[in-house]
Every structure is written in C-alpha cells, then in structure tokens.
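Some notes on the structure that comes next.
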C-alpha cells in the first residue's frame with residue numbers, strides 16, 4: 001500500500017510539473033494580423049517556419065489522373081470538385097476545398113469560361129458553421145475588391161474577355177477548426193466535370209492552404225475581424241508595392257564592379273565574427289557587353305555560404321529577366337529598363353559567404369553598379385541558407401507530353417519560387433502542362449495543378465507583360481507567337497516546407513509539334529547540408545541563346 005501511494009504521488013507531481021512547464025511556454029497563436037506581418041517579412045521566410053505547417057493544394061485537376069501508368073497527362077482540368085452537395089430547391093453546391101484545421105488559405109486562383117459562371121456564388125464556411133462566413137460572386141471574392149484590392153486581390157489577363165482573366169486572392173483566410181469552400185452556378189444546376197464541360201461549364205481553381213499542428217491556436221477570420229483590419233490591409237498592400245528594402249537597417253556595402261575577361265572570375269569574400277552572423281539583404285548588378293543577351297546567360301552568379309555552394313545560375317535567369325532585359329518588380333527583386341537587376345532575397349550565413357561572377361563566354365563583360373549589402377543576422381538552429389539552381393532543356397520536342405524536372409531537394413527547408421525562361425519556335429500555346437509537387441512521403445503530388453499559366457497566376461495564354469509582388473510575366477511574346485517568354489512565381493505565405501524531400505516536376509503539354517529551349521530557375525531556403533539534383537552546367541550556359549527560331553538547334 002505504501003508503495004502504491006508513493007507511485008501515485010510521484011505521478012501526480014510529474015503531471016503537475018508538465019502543467020507548470022506548459023504554462024510557462026509562450027502560446028503559439030496565428031492570427032490574421034500575424035499572417036499579414038509574416039507576408040511582408042523577408043526575414044521570416046529565411047527561418048524554419050514557427051509554428052510549423054504543411055502547404056497543400058486543392059484544385060480542379062483532371063480526376064482521371066491516377067498514376068504515371070494511368071491518366072498521368074489527362075488534360076480536362078476543369079470543373080472537378082471534392083464533392084457535390086445537393087441543397088434545398090434542387091440547387092447544387094460544388095465543394096472546392098474541405099479540410100479540418102487549424103490552418104489558413106494563402107492563395108486562391110480561379111478562372112471560368114464565361115461571364116455567367118463568374119456570377120456564380122462562392123461560399124466560405126469556417127469552423128463548421130452551417131451558414132457561410134463569407135459569400136458573394138466568384139468575380140467579387142477572387143480578384144475583386146470584396147476582401148482587398150490589388151495586389152492582394154487582382155486580375156491578370158486580357159482587358160477584353162472579362163471571363164478570361166486569371167483571378168488571384170493572396171489575402172490569407174485563417175480558420176481554427178475547419179473550412180469548406182463551395183461554388184454554386186447562377187442557375188443552381190450541377191456542373192459537368194472535365195472534358196465534356198467545355199466550353200459552357202468550365203470552372204478552374206487552385207487553392208493553396210496551410211495546415212498547422214493541432215496544438216497551434218489559429219484565430220479564424222470573421223467579417224468583424226476583416227473590417228477591423230482595414231488599415232492593416234492597406235498598409236500591407238502599400239508595403240508589397242514599395243521598392244524600399246532597407247527599412248533603415250544598417251548595412252555594409254561591398255562592390256562588385258569591374259571588367260571580367262572571357263573564362264575569368266570575379267570573387268567577393270564576405271565574413272562576420274564567428275560569435276554572430278550575417279546576411280546578404282540586397283544584390284544589385286548591371287552588366288554591359290557587345291552581345292548582351294549572351295552575356296546575361298553566360299555570366300554566372302555563384303554564391304557559397306559557410307563553405308557550401310548553394311547558388312549557381314546565369315545572372316539574367318537568377319534575377320528573373322532571362323537573357324533579355326525586361327522591366328519587372330516583385331517582392332524579392334526588380335529589373336529596371338536601364339538594365340539594373342536587383343535581388344532582395346535575405347541570404348543568411350553563420351560565418352562566411354563567397355560571391356563569384358564567372359564569365360563563361362567569349363566576350364568581355366563589364367560589371368556596372370554591382371553592389372552587395374550585408375546586415376547582421378543572429379544565426380541559430382532555425383536559420384537557413386538560400387539556394388538557387390538553373391538548368392536548360394535545350395532543343396526539346398514538345399511531343400509526347402512529359403514531365404520536366406524543375407528540381408529535387410533532399411534535406412529540410414522551404415521551396416520559395418521559380419522563374420521560367422523559354423523560347424518556342426511555334427506560334428501555338430506551350431503551357432497546358434500542370435505542376436506536380438511531391439513533398440516528403442507523398443505517393444501522389446500534394447500539389448497537382450491545372451496548367452502552367454494557372455500556376456503563374458494568369459489565364460488563357462495571356463501574352464501581355466505584368467508585374468506583381470507574387471507573380472510576373474516580364475515578357476509573354478512567345479505565348480501565342482514564335483518567341484521568348486518569362487514566367488515567375490515568388491512565394492510569400494505559400495512557400496512549401498519540406499522536412500525530408502521535395503520533388504517538383506512541370507508537365508510539358510503543347511498544342512502542337514514544336515521545339516523549345518526551356519530553362520527553369522528555382523529558389524529555396526534550407527538548413528545546411530541540403531542536396532539538389534541540379535549540378536552546375538557550364539556547357540548549357542555557354543550555349544547560344546535563342547533570338548530567332550533557327551537558334552533552337
């Protein structure tokens with residue numbers, strides 16, 4: 001008896017100790033305010049997510065896609081839903097997303113085939129409520145001004161053809177217990193799935209959402225909280241559009257200016273006291289050469305952090321302009337019409353960083369306005385190195401449909417974006433292919449898209465250039481014409497964490513037989529030791545860039 005009493009007392013003491021320890025821990029809480037603050041913090045994305053989350057995607061991808069052996073390249077990516085609910089009066093609500101929380105929607109893209117479908121009703125049911133927390137027309141809620149104005153909610157497509165505008169919502173919608181998103185067409189009728197839906201019933205959508213651990217407290221968005229946050233939304237919008245990156249942070253600026261002869265390298269060494277840490281917070285660069293397009297491709301930016309090379313890419317591709325100077329501005333960088341290219345990625349290191357510019361070409365390259373800004377950084381177990389890698393699929397046939405690997409990463413980190421430069425010798429559309437992203441133990445992609453232009457935020461083969469903090473198309477002249485295209489996506493709240501592995505393929509599905517040069521650059525953050533399957537490819541960077549169809553050979 002005495003022994004059992006001692007056991008009970010000890011067990012109670014241990015339980016009490018755990019309760020006291022837990023009460024001393026800071027509460028892990030995610031709010032609408034904290035998500036907006038995270039969105040505009042370039043420092044936050046350079047650290048392992050705290051609290052941790054998974055990024056998943058719901059989409060209208062063709063449900064005939066089962067495996068690489070069955071329907072893997074099916075292309076009827078429209079009007080497929082999680083389920084369809086029959087309501088009173090015979091009307092139907094089509095479920096786009098249904099999941100338990102805690103979590104947050106962080107990106108919503110959609111497009112329809114006609115104006116009537118735009119006037120259908122979108123409903124957000126938050127935390128198991130039987131009545132929608134938010135409801136309105138698809139046109140008003142996604143890309144319209146119901147939640148916010150541009151760039152947090154915006155349209156990207158032709159000025160005419162109202163229904164053919166890619167509609168984007170980047171304003172986060174947090175939820176504590178659950179969320180269900182449904183769509184109802186104007187006449188209440190059931191939509192037809194897939195290929196037979198064309199053209200009358202085509203609703204396309206991609207929804208990126210976070211799921212946190214069950215112990216994380218998420219404060220759900222409500223109309224009252226949305227209304228109370230108007231000033232915060234406006235200040236976030238203004239900050240996203242701002243070109244200011246310094247925020248009055250004290251920095252040390254190093255120069256990269258000078259001429260680089262063919263096959264030579266310019267080296268810049270950066271260091272910080274071993275007890276502290278540092279971070280590159282801005283790189284600016286302008287290069288001049290007799291053949292500038294070739295110099296933009298054959299001049300290589302290589303960066304190592306703490307003895308580990310993680311960046312190797314042609315300068316034009318790294319800065320999101322390909323091998324043509326095309327003005328653009330996004331959250332992590334910009335290119336102006338004079339040719340100055342700017343990177344705003346925060347790049348932390350514990351002790352040292354080395355920047356190299358390699359001239360792999362046959363002409364002299366003159367580096368102008370080359371500057372690197374370095375700030376203090378408290379390196380710890382949550383800090384990550386920045387990575388970027390480039391590859392080109394040269395002179396590839398557009399048929400048969402296939403998956404092209406963007407990158408495979410092994411380690412722990414966050415995937416944060418990509419920029420695609422291509423040249424197509426056909427005047428037909430190249431971008432029907434879907435993204436297929438496997439994270440950690442996925443046996444089926446947790447991100448399965450509905451088309452390359454959907455992934456990059458626009459729709460219907462739009463050729464006009466656009467720039468936003470989240471997606472850019474500095475040049476789309478090769479979309480429905482022979483020529484050059486640049487598409488880029490920069491992830492803020494929609495970064496994809498991985499704890500073991502990330503495998504990203506983009507499907508190449510073309511309208512016709514063609515040949516292309518297809519060159520993706522990918523960006524990530526990762527803990528030291530991450531492995532990328534993309535090694536430096538000097539011969540590909542030396543290859544003649546395509547300015548006319550005859551150059552694709």
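The values are calculated or read from the model by the stated rules, or taken from the named source; none is laboratory data. All values reported here derive from a predicted model rather than from experimental measurement. Reconstructed Cβ throughout: ideal geometry from the backbone, glycine too, with neighbour counts over all protein chains shown.
Yes or no: the range 95-111 includes at least one residue that is surrounded by fewer than 17 Cβ atoms within 10 Å (Cβ to Cβ) and free of Cβ contacts under 8 Å to residues at least 24 places away in the same chain. Within the range 95-111 (the criterion being surrounded by fewer than 17 Cβ atoms within 10 Å (Cβ to Cβ) and free of Cβ contacts under 8 Å to residues at least 24 places away in the same chain), the answer is no, since none of the residues qualifies.
Here's the yes/no breakdown for (1) more than 30 Å from residue 151 (Cα to Cα); (2) at pLDDT below 95; (3) touching a strand residue (DSSP E or B) at 6+ places or on another chain (Cβ under 7 Å):
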position: 299; (1), (2), (3): yes, no, yes
position: 322; (1), (2), (3): no, no, yes
position: 327; (1), (2), (3): no, no, yes
position: 342; (1), (2), (3): no, no, yes
position: 345; (1), (2), (3): no, no, yes
position: 381; (1), (2), (3): yes, no, no
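Within the range 89-109, at least one residue is at pLDDT 95 or above, in a strand (DSSP E or B) and touching a helix residue (DSSP H, G or I) at 6+ places or on another chain (Cβ under 7 Å). Answer with yes or no whether residue 392 is touching a helix residue (DSSP H, G or I) at 6+ places or on another chain (Cβ under 6 Å) and assigned by TED's automatic domain parsing to the domain that holds residue 486. So residue 392 passes the test. Summed over the range 439-482, the residues that are closer than 30 Å to residue 499 by Cα and out of contact with any helix residue (DSSP H, G or I) (no Cβ under 7 Å at 6 or more places or on another chain) give a count of 22.
Scoring residue 145 on the criteria (1) surrounded by fewer than 22 Cβ atoms within 10 Å (Cβ to Cβ); (2) in contact (Cβ under 8 Å) with a residue 24 or more places away in the chain; (3) assigned to a loop (DSSP other than H, G, I, E, B) leaves a single failure, condition (2).
In this structure, is residue 374 touching a residue at least 12 places away in the same chain (Cβ under 8 Å) and within 24 Å of residue 255 (Cα to Cα)?
yes
Taking the criterion of being under 16 Å from the mean Cα position of the chain (by Cα) and either surrounded by fewer than 24 Cβ atoms within 10 Å (Cβ to Cβ) or modelled with pLDDT under 80 (or both), the only residue of the range 167-177 that qualifies is 169. Evaluate the following for residue 240: is it touching a strand residue (DSSP E or B) at 6+ places or on another chain (Cβ under 7 Å) and buried (at least 19 other Cβ atoms within 10 Å of the Cβ)? No: the conditions fail for residue 240. Residue-level analysis places residue 344 among those that are within 23 Å of the chain's Cα centre (by Cα), surrounded by fewer than 24 Cβ atoms within 10 Å (Cβ to Cβ) and either under 16 Å from residue 283 (Cβ atoms) or not assigned by TED's automatic domain parsing to the domain that holds residue 386 (or both).
Evaluate the following for residue 196: is it modelled with pLDDT under 95 and outside any loop (DSSP other than H, G, I, E, B)? Answer is yes for this residue.
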